[in-house]
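Worksheet for the structure shown next.
The values are calculated or read from the model by the stated rules, or taken from the named source; none is laboratory data. Bear in mind that the values here come from a model prediction, so they are computed numbers and not experimental data. Cβ atoms come from the backbone with ideal geometry, glycine included; neighbour counts cover every protein chain shown.
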Amino acid sequence: SSAMRLLVRRPQLARPLTFSVPVNARFPHQSFTVRAFSSGGFLPKQEVQERVLSVVKNFEGVDVSKVSETAHFMNDLGLDSLDTVEIVMAFEDEFAIEIPDAEAEKIQTVEQAISYVASHPQAK
């Protein structure tokens, strides 16, 4: 019923903001269309993976040959708990996001870091 449809909102497809701007004051009916899209969205997982791996490989004390998507920060890469906190902070800097402490504690592997960042809509 129509009353039910009012209560349940369906997701709308993103539409660009469109408006016309006069090009010439002498001919106000001539115009061009300006389209602005939102900058929201998720980074491609491949890009996130490459950038996370780069951060890990460039982290002080990490043996580059041991870095893989499945590497555990402590068990495989030999990082201690402070290093793990610092590497999560490096991910925050790299992707311009803030990872809450409760979530940061769960990031113990490269794969977990990739998954978290790839699912974060504000990651840049």
**Subset of region 106-124 that is surrounded by fewer than 18 Cβ atoms within 10 Å (Cβ to Cβ) and either polar (S, T, N, Q) or modelled with pLDDT of 95 or more (or both) - its residue that is farthest from GLN49 (Cα to Cα)** = LYS106
**Complete:** Of the residues in region 86-124, those that are over 16 Å from GLY41 (Cα atoms) and outside any helix (DSSP H, G or I) come to GLU98, ILE99, PRO100, GLU105, LYS106, ILE107, GLN108, THR109
**Message:** For a quick check of your reading of the model, give me the residue pairs whose first member lies in region 58-80 and is within 12 Å of ALA90 (Cβ to Cβ) and of a type in the set (Val, Ile, Thr), whose second is at pLDDT 95 or above and in a loop (DSSP other than H, G, I, E, B), with beta-carbon atoms closer than 7 Å and at least 6 apart or on different chains.
**Reply:** VAL62/LEU77
